[in-house]
Amino acid sequence: MSLLICLDHSKDSEALALSQRFSLSLADESLLAEPGFHLCLDEQGLSLQQGNVKPGKKRTQVQVDFSQGAVAHRRKFGGGQGQDIAKAIGVSAYKPTVIDATAGLGRDSFVLATLGCQVTAYERQPVVAALLQDGLNRGALDPEISDIIHRIHLEFGSSHELLVPPSDSALLKDVVYLDPMFEHDEKAKAQVKKDMQAFRQVVGQDADADDLLSRALACARCRVVVKRARKARPLADREPTYSLTGKANRFDIYVKAKVAPPPL
Ligand SMILES: C[S@@+](CC[C@H](N)C(=O)[O-])C[C@H]1O[C@@H](n2cnc3c(N)ncnc32)[C@H](O)[C@@H]1O
(Lines give C-alpha, C1' and ligand atoms only; values in the text may rest on other atoms or scores of the structure.)
Protein backbone atom coordinates (compact mmCIF):
# COMPACT_ATOMS: atom_id res chain seq x y z
CA MET A 1 0.00 0.00 0.00
CA SER A 2 1.38 3.44 -0.96
CA LEU A 3 0.90 6.27 1.52
CA LEU A 4 0.75 10.06 1.29
CA ILE A 5 1.36 12.40 4.23
CA CYS A 6 -0.04 15.93 3.94
CA LEU A 7 2.23 18.31 5.89
CA ASP A 8 0.44 21.51 4.82
CA HIS A 9 -3.19 21.41 5.81
CA SER A 10 -4.11 24.21 3.41
CA LYS A 11 -3.49 21.48 0.81
CA ASP A 12 -5.77 18.80 2.27
CA SER A 13 -8.12 18.84 -0.73
CA GLU A 14 -5.16 18.54 -3.13
CA ALA A 15 -3.91 15.58 -1.07
CA LEU A 16 -7.33 13.94 -1.34
CA ALA A 17 -7.40 14.44 -5.14
CA LEU A 18 -3.87 12.99 -5.43
CA SER A 19 -4.81 10.01 -3.28
CA GLN A 20 -7.77 9.31 -5.55
CA ARG A 21 -5.91 9.69 -8.84
CA PHE A 22 -2.86 7.64 -7.81
CA SER A 23 -4.47 5.09 -5.44
CA LEU A 24 -2.62 6.42 -2.39
CA SER A 25 -3.84 6.13 1.19
CA LEU A 26 -3.60 9.26 3.33
CA ALA A 27 -1.39 8.79 6.39
CA ASP A 28 -0.71 10.76 9.54
CA GLU A 29 2.37 12.96 9.98
CA SER A 30 3.55 10.70 12.80
CA LEU A 31 4.63 8.22 10.08
CA LEU A 32 7.65 10.47 9.48
CA ALA A 33 9.13 9.08 12.69
CA GLU A 34 9.50 5.73 10.89
CA PRO A 35 12.68 4.96 8.91
CA GLY A 36 12.61 4.87 5.11
CA PHE A 37 11.28 7.38 2.60
CA HIS A 38 7.75 8.75 2.74
CA LEU A 39 5.70 10.61 0.14
CA CYS A 40 4.84 14.05 1.52
CA LEU A 41 2.86 17.02 0.25
CA ASP A 42 3.96 20.40 1.60
CA GLU A 43 4.28 24.00 0.39
CA GLN A 44 7.02 22.90 -2.09
CA GLY A 45 4.78 20.25 -3.68
CA LEU A 46 5.29 16.47 -3.55
CA SER A 47 8.54 14.90 -2.41
CA LEU A 48 9.94 11.75 -0.89
CA GLN A 49 11.20 12.66 2.57
CA GLN A 50 13.47 10.60 4.75
CA GLY A 51 11.88 9.47 7.99
CA ASN A 52 13.33 8.99 11.46
CA VAL A 53 15.97 11.71 11.08
CA LYS A 54 17.94 12.53 14.23
CA PRO A 55 17.43 16.07 15.60
CA GLY A 56 19.85 18.52 13.93
CA LYS A 57 20.41 16.19 10.91
CA LYS A 58 19.28 17.23 7.44
CA ARG A 59 16.31 15.31 6.04
CA THR A 60 17.00 13.93 2.53
CA GLN A 61 14.26 14.97 0.11
CA VAL A 62 13.70 13.78 -3.43
CA GLN A 63 11.56 15.82 -5.80
CA VAL A 64 11.13 15.79 -9.56
CA ASP A 65 12.53 19.08 -10.81
CA PHE A 66 13.00 19.57 -14.54
CA SER A 67 14.11 23.19 -14.15
CA GLN A 68 17.27 22.63 -12.10
CA GLY A 69 20.01 20.15 -11.33
CA ALA A 70 21.27 17.31 -13.49
CA VAL A 71 18.25 17.24 -15.82
CA ALA A 72 18.52 20.96 -16.59
CA HIS A 73 22.28 20.67 -17.07
CA ARG A 74 21.78 17.84 -19.55
CA ARG A 75 19.15 19.87 -21.44
CA LYS A 76 21.59 22.73 -21.89
CA PHE A 77 24.87 20.85 -22.39
CA GLY A 78 23.89 17.20 -23.00
CA GLY A 79 24.85 16.82 -26.63
CA GLY A 80 21.44 16.89 -28.34
CA GLN A 81 21.03 14.39 -31.16
CA GLY A 82 24.58 13.09 -30.56
CA GLN A 83 23.51 11.37 -27.34
CA ASP A 84 23.25 7.58 -27.43
CA ILE A 85 19.58 7.70 -26.43
CA ALA A 86 18.82 9.99 -29.39
CA LYS A 87 20.63 7.65 -31.79
CA ALA A 88 18.92 4.62 -30.26
CA ILE A 89 15.46 6.15 -30.62
CA GLY A 90 16.30 7.35 -34.15
CA VAL A 91 15.84 11.10 -33.68
CA SER A 92 16.74 13.10 -36.79
CA ALA A 93 14.99 15.94 -38.60
CA TYR A 94 12.02 13.62 -38.10
CA LYS A 95 11.04 13.49 -34.42
CA PRO A 96 9.48 10.10 -33.74
CA THR A 97 6.55 9.70 -31.38
CA VAL A 98 7.54 7.62 -28.36
CA ILE A 99 5.85 5.55 -25.68
CA ASP A 100 8.11 5.53 -22.62
CA ALA A 101 6.56 2.43 -21.06
CA THR A 102 8.66 2.56 -17.85
CA ALA A 103 8.71 6.28 -17.15
CA GLY A 104 10.10 6.37 -13.59
CA LEU A 105 10.91 9.95 -12.59
CA GLY A 106 10.75 11.00 -16.23
CA ARG A 107 14.39 11.84 -16.94
CA ASP A 108 14.52 9.94 -20.24
CA SER A 109 11.06 11.20 -21.23
CA PHE A 110 12.31 14.73 -20.64
CA VAL A 111 15.47 14.16 -22.72
CA LEU A 112 13.34 12.82 -25.59
CA ALA A 113 10.83 15.68 -25.31
CA THR A 114 13.76 18.13 -25.31
CA LEU A 115 14.82 16.56 -28.61
CA GLY A 116 11.35 17.31 -29.98
CA CYS A 117 9.62 13.93 -29.54
CA GLN A 118 6.01 13.67 -28.36
CA VAL A 119 6.20 11.26 -25.41
CA THR A 120 3.44 9.19 -23.84
CA ALA A 121 4.78 8.08 -20.46
CA TYR A 122 3.40 5.08 -18.57
CA GLU A 123 4.24 4.58 -14.89
CA ARG A 124 2.60 2.02 -12.63
CA GLN A 125 4.16 2.75 -9.23
CA PRO A 126 1.73 5.15 -7.47
CA VAL A 127 4.36 7.14 -5.56
CA VAL A 128 6.60 7.50 -8.61
CA ALA A 129 3.70 8.46 -10.89
CA ALA A 130 2.50 11.10 -8.40
CA LEU A 131 6.03 12.56 -8.08
CA LEU A 132 6.38 12.67 -11.85
CA GLN A 133 3.01 14.35 -12.39
CA ASP A 134 3.90 16.93 -9.73
CA GLY A 135 7.23 17.62 -11.46
CA LEU A 136 5.46 17.99 -14.82
CA ASN A 137 2.91 20.39 -13.29
CA ARG A 138 5.66 22.60 -11.84
CA GLY A 139 7.71 22.38 -15.05
CA ALA A 140 4.71 23.54 -17.09
CA LEU A 141 4.84 26.82 -15.14
CA ASP A 142 8.49 27.46 -16.08
CA PRO A 143 8.50 29.43 -19.36
CA GLU A 144 11.97 28.10 -20.22
CA ILE A 145 10.78 24.48 -20.41
CA SER A 146 6.98 24.62 -20.63
CA ASP A 147 6.96 23.75 -24.36
CA ILE A 148 9.07 20.64 -23.61
CA ILE A 149 6.85 19.62 -20.70
CA HIS A 150 3.76 19.93 -22.91
CA ARG A 151 5.19 17.22 -25.18
CA ILE A 152 4.99 14.71 -22.28
CA HIS A 153 1.71 13.07 -21.35
CA LEU A 154 1.69 10.81 -18.27
CA GLU A 155 -0.67 7.88 -17.91
CA PHE A 156 -0.78 6.14 -14.52
CA GLY A 157 -1.02 2.40 -15.00
CA SER A 158 0.86 -0.73 -15.95
CA SER A 159 2.31 -1.13 -19.42
CA HIS A 160 1.29 -4.77 -19.13
CA GLU A 161 -2.24 -3.44 -19.64
CA LEU A 162 -1.64 -0.15 -21.47
CA LEU A 163 0.54 -1.57 -24.26
CA VAL A 164 -2.27 -2.69 -26.50
CA PRO A 165 -1.99 -2.11 -30.27
CA PRO A 166 -4.60 0.42 -31.48
CA SER A 167 -7.31 -0.97 -33.75
CA ASP A 168 -6.20 1.50 -36.46
CA SER A 169 -2.52 0.89 -37.28
CA ALA A 170 -2.23 4.53 -38.40
CA LEU A 171 -2.38 5.38 -34.69
CA LEU A 172 0.70 3.31 -33.75
CA LYS A 173 3.47 5.30 -32.06
CA ASP A 174 6.84 5.12 -33.81
CA VAL A 175 8.98 3.85 -30.93
CA VAL A 176 8.40 2.07 -27.63
CA TYR A 177 11.14 2.65 -25.06
CA LEU A 178 11.73 0.34 -22.08
CA ASP A 179 14.03 0.98 -19.13
CA PRO A 180 13.02 -1.45 -16.37
CA MET A 181 14.85 -1.50 -13.04
CA PHE A 182 17.62 -4.05 -13.24
CA GLU A 183 19.31 -6.08 -10.55
CA HIS A 184 21.73 -4.02 -8.49
CA ASP A 185 24.47 -5.57 -6.43
CA GLU A 186 25.39 -4.50 -2.91
CA LYS A 187 28.54 -2.67 -4.05
CA ALA A 188 26.61 -0.61 -6.58
CA LYS A 189 23.97 0.05 -3.92
CA ALA A 190 26.54 1.61 -1.60
CA GLN A 191 27.70 3.95 -4.33
CA VAL A 192 24.40 5.34 -5.57
CA LYS A 193 23.27 8.77 -4.55
CA LYS A 194 20.65 9.26 -1.86
CA ASP A 195 17.93 10.12 -4.40
CA MET A 196 18.51 6.87 -6.27
CA GLN A 197 18.49 4.92 -3.00
CA ALA A 198 15.09 6.44 -2.20
CA PHE A 199 13.82 5.59 -5.68
CA ARG A 200 15.02 1.99 -5.39
CA GLN A 201 13.40 1.62 -2.00
CA VAL A 202 10.06 2.67 -3.48
CA VAL A 203 10.21 0.74 -6.76
CA GLY A 204 12.21 -2.39 -5.92
CA GLN A 205 12.89 -4.49 -9.00
CA ASP A 206 10.83 -5.01 -12.13
CA ALA A 207 10.96 -8.80 -12.12
CA ASP A 208 8.15 -9.02 -14.71
CA ALA A 209 9.93 -6.85 -17.30
CA ASP A 210 10.61 -9.68 -19.78
CA ASP A 211 6.89 -9.78 -20.60
CA LEU A 212 7.02 -6.20 -21.85
CA LEU A 213 9.14 -6.87 -24.91
CA SER A 214 6.58 -8.70 -27.03
CA ARG A 215 3.89 -6.16 -26.04
CA ALA A 216 6.22 -3.31 -26.97
CA LEU A 217 6.98 -4.92 -30.34
CA ALA A 218 3.25 -5.16 -31.07
CA CYS A 219 2.79 -1.44 -30.28
CA ALA A 220 5.75 0.13 -32.12
CA ARG A 221 5.59 1.07 -35.80
CA CYS A 222 9.36 1.44 -36.25
CA ARG A 223 11.37 0.07 -33.33
CA VAL A 224 11.61 -0.91 -29.68
CA VAL A 225 14.53 0.37 -27.63
CA VAL A 226 15.54 -1.26 -24.34
CA LYS A 227 17.99 0.33 -21.93
CA ARG A 228 20.07 -2.25 -20.06
CA ALA A 229 23.07 -2.35 -17.77
CA ARG A 230 26.19 -2.65 -19.92
CA LYS A 231 26.66 -6.38 -19.43
CA ALA A 232 23.12 -7.50 -18.68
CA ARG A 233 21.44 -10.24 -20.70
CA PRO A 234 19.01 -8.89 -23.32
CA LEU A 235 15.43 -8.48 -22.17
CA ALA A 236 13.46 -11.75 -22.47
CA ASP A 237 16.77 -13.25 -23.68
CA ARG A 238 15.88 -11.99 -27.14
CA GLU A 239 18.85 -10.75 -29.16
CA PRO A 240 18.33 -7.22 -30.51
CA THR A 241 18.90 -6.20 -34.12
CA TYR A 242 21.87 -4.18 -32.83
CA SER A 243 23.10 -2.44 -29.68
CA LEU A 244 24.71 0.86 -28.77
CA THR A 245 26.99 0.39 -25.78
CA GLY A 246 28.07 3.38 -23.70
CA LYS A 247 30.12 3.72 -20.51
CA ALA A 248 27.38 2.68 -18.11
CA ASN A 249 24.45 1.50 -20.21
CA ARG A 250 23.58 -0.33 -23.37
CA PHE A 251 20.66 0.38 -25.69
CA ASP A 252 19.26 -2.72 -27.41
CA ILE A 253 17.40 -1.83 -30.59
CA TYR A 254 14.73 -4.09 -32.13
CA VAL A 255 14.07 -2.79 -35.64
CA LYS A 256 10.71 -3.14 -37.39
CA ALA A 257 10.97 -0.32 -39.95
CA LYS A 258 13.07 2.75 -40.70
CA VAL A 259 12.34 5.63 -38.33
CA ALA A 260 10.71 8.02 -40.79
CA PRO A 261 7.34 9.73 -41.22
CA PRO A 262 4.46 7.27 -41.69
CA PRO A 263 3.39 6.66 -45.31
CA LEU A 264 0.51 8.91 -46.39
C1 LIG B 1 14.62 2.34 -14.07
S2 LIG B 1 13.11 3.17 -13.80
C3 LIG B 1 12.94 4.19 -15.22
C4 LIG B 1 13.79 5.42 -15.17
C5 LIG B 1 13.44 6.38 -16.28
N6 LIG B 1 13.82 5.86 -17.58
C7 LIG B 1 14.05 7.74 -16.05
O8 LIG B 1 14.78 8.20 -16.94
O9 LIG B 1 13.77 8.37 -15.02
C10 LIG B 1 11.88 1.97 -14.14
C11 LIG B 1 10.46 2.45 -13.87
O12 LIG B 1 9.57 1.66 -14.65
C13 LIG B 1 8.41 1.41 -13.91
N14 LIG B 1 7.79 0.22 -14.47
C15 LIG B 1 8.30 -1.03 -14.49
N16 LIG B 1 7.45 -1.88 -15.09
C17 LIG B 1 6.37 -1.14 -15.45
C18 LIG B 1 5.15 -1.46 -16.11
N19 LIG B 1 4.85 -2.69 -16.48
N20 LIG B 1 4.28 -0.45 -16.33
C21 LIG B 1 4.56 0.82 -15.97
N22 LIG B 1 5.68 1.17 -15.31
C23 LIG B 1 6.58 0.20 -15.07
C24 LIG B 1 8.92 1.25 -12.49
O25 LIG B 1 7.87 1.46 -11.55
C26 LIG B 1 10.00 2.31 -12.42
O27 LIG B 1 9.50 3.53 -11.97
Worksheet item: Binned at 10 Å from 0, what are the whole-percent values of the Cα-Cα distance distribution for the chain, short to long?
Response: 7, 29, 35, 22, 7, 1, 0
Worksheet, complete the sentence: With the 1.4 Å probe rolled over protein heavy atoms, the chain has an accessible area per residue in Å² of 51
Discussion item. Along the charge dipole of the chain, pointing to its positive end and built from +1/-1 on Cβ of Lys, Arg, Asp and Glu, which listed residue (Leu162, Leu24, Gln68) has its Cα farthest out?
Written reply: Gln68
Discussion item. As a test, work out the antiparallel percent of DSSP beta bridges whose residues both lie in the chain, rounded to the nearest 5.
Written reply: 45
Response to the item:
Ala70 and Phe182 label points (each 7 Å along its Cα→Cβ direction) are spaced in nm at 1.6
Worksheet item: If one takes the longest principal axis of the Cα atoms in the chain, at what angle in degrees, from 0 to 90 and to the nearest 10, does the Cα axis of helix 126-139 lie?
Response: 80
Discussion item. List the aspartates and glutamates whose Cα sits under 15 Å from the Cα of Lys193, skipping any in the same chain fewer than 8 residues away.
Written reply: Asp185
Item to complete: Express the carbon and sulfur contribution to the solvent-accessible surface of the chain as a percent, rounded to the nearest whole number, probe 1.4 angstrom.
Response: 51
Practice prompt. Report the one residue of Leu244, Val255, Pro35 whose Cα lies farthest in the direction of the positive end of the charge dipole of the chain (charges on C-beta: Lys and Arg +1, Asp and Glu -1; origin at the Cα centre).
Written response: Leu244
Item to complete: Name the residues whose placed amide hydrogens come within less than 5 Å of the amide hydrogen of Glu155, ignoring near sequence neighbours (fewer than 5 apart) on the same chain.
Response: Ala121, Tyr122, Glu123
Item to complete: Could you tell me what percent of the DSSP beta bridges with both partners in the range 3-62 are antiparallel, to the nearest 5?
Response: 55
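Given only helices, namely DSSP H runs of n ≥ 4 each adding -39500 (n - 2.57), what is the per-residue ellipticity at 222 nm of the chain, to the nearest 500 deg cm²/dmol? Numbers along the way, then the final one.
Numbers: 10 runs with 79 residues, N = 264.
That comes out to -8000 deg cm²/dmol.
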Practice prompt. May I ask you to list the lysines whose Cα is less than 18 Å away from that of Lys194, ignoring any residue fewer than eight positions away on the same chain?
Written response: Lys54, Lys57, Lys58
Item to complete: Please turn the phi angles of the range 230-242 into ³J(HN,Hα) values with the Karplus equation 6.51 cos²θ - 1.76 cosθ + 1.60 (θ = phi - 60°), one per residue in order, whole Hz, x for glycine and proline.
Response: 3, 10, 6, 5, x, 4, 6, 6, 9, 5, x, 5, 7
Worksheet item: Just how large is the dipole of the chain about the Cα centre, in debye to the nearest 20, putting +1 at every Lys and Arg Cβ and -1 at every Asp and Glu Cβ?
Response: 1240
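Using Cα pairs under 8 angstrom and six or more residues apart, how large is the relative contact order of the range 111-160, in percent?
On the way: 54 pairs, mean separation 27.6, N = 50.
Here the relative contact order equals 55 percent.
The values are calculated or read from the model by the stated rules, or taken from the named source; none is laboratory data. None of the values given here were measured: they were computed from a predicted structure. Every residue, glycine among them, receives a Cβ derived from its backbone with ideal geometry; neighbour counts consider all protein chains shown. In case anyone asks, the SASA skips ligands and DNA or RNA and just uses the protein heavy atoms, side chains included. Shrake-Rupley method; radii C 1.70, N 1.55, O 1.52, S 1.80 Å.
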